[in-house]
Amino acid sequence: MIKTLTDSKAQSLRSGTGHSYQNDVYDRLCHGLKNMPLIDVVKPGATASALPSLLMRSSIGTFIPDIDIVVVNKVTRNPFVIISTKTSIRERLTGTFYTKRVMSDKYPGIPVILVTCDKDLEFGTLDKPRRPRIECAYENIIVYSDNPDTELGMGIKSTDDLISDILKMLL
């Protein structure tokens, strides 16, 4: 029982860190895109009520894929860019890949971005890429890292480029 409580507490701390990081990315996007009159950044956790167009329907119910932040058109409320945030990767890219696939069916060509702390340098290097770097390149997921030690290139950029790249995507 003690192990379960400890594991539960550890997971709670990881989850809290993830939400904090998600909110930090959201705040940076809001600040960086504030002068764009037709653009809105939807708050984490608000996607179901704020953007019902993201609901996916199956034979047994509806759901919203793993979407953390969405940059939308203020008028139509249609998404321009879907953003997934992760503090670490560790076998959790599957949700982002799934989101890319189902959202691309509904909104062809929509960019899906992964913003990460890459705290464990899980992408490897350009000379010795690890599986996450290869998978993101294969799935055409654009990755932005907050870690200055992440080797950039092959689809991985610094978060310093995030706002300017989103603005280019909107043109």
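Details
Quick grid of which residues meet (1) out of contact with any Cys (no Cβ under 7 Å at 6 or more places or on another chain); (2) closer than 26 Å to Thr17 by Cα; (3) β-branched (Val, Ile, Thr):
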residue	(1), (2), (3)
Lys74	yes, no, no
Ile82	yes, yes, yes
Gly109	yes, no, no
Leu114	no, yes, no
Glu122	yes, yes, no
Leu152	yes, yes, no
Lys168	yes, no, no
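- Being closer than 15 Å to Val25 by Cβ, of a type in the set (D, E, K, R), surrounded by fewer than 14 Cβ atoms within 10 Å (Cβ to Cβ) and out of contact with any helix residue (DSSP H, G or I) (no Cβ under 9 Å at 6 or more places or on another chain) is true of Asp161.
- Within the range 69-96, considering residues that are under 21 Å from Gly153 (Cβ atoms) and of a type outside the set (A, V, I, L, M), the one modelled with the lowest pLDDT: Ser88
- Filtering the range 49-56 for residues that are buried (at least 16 other Cβ atoms within 10 Å of the Cβ), out of contact with any helix residue (DSSP H, G or I) (no Cβ under 8 Å at 6 or more places or on another chain) and not hydrophobic (A, V, I, L, M, F, W, C) leaves an empty set.
- Residues of the range 57-108 that are polar (S, T, N, Q), assigned to a loop (DSSP other than H, G, I, E, B) and touching a strand residue (DSSP E or B) at 6+ places or on another chain (Cβ under 8 Å): Asn78, Thr87, Ser88.
The values are calculated or read from the model by the stated rules, or taken from the named source; none is laboratory data. From a predicted model like this one, the values you see are computed outputs, not experimental measurements. All Cβ positions, glycine included, derive from the backbone under ideal geometry; neighbour counts span all protein chains shown.
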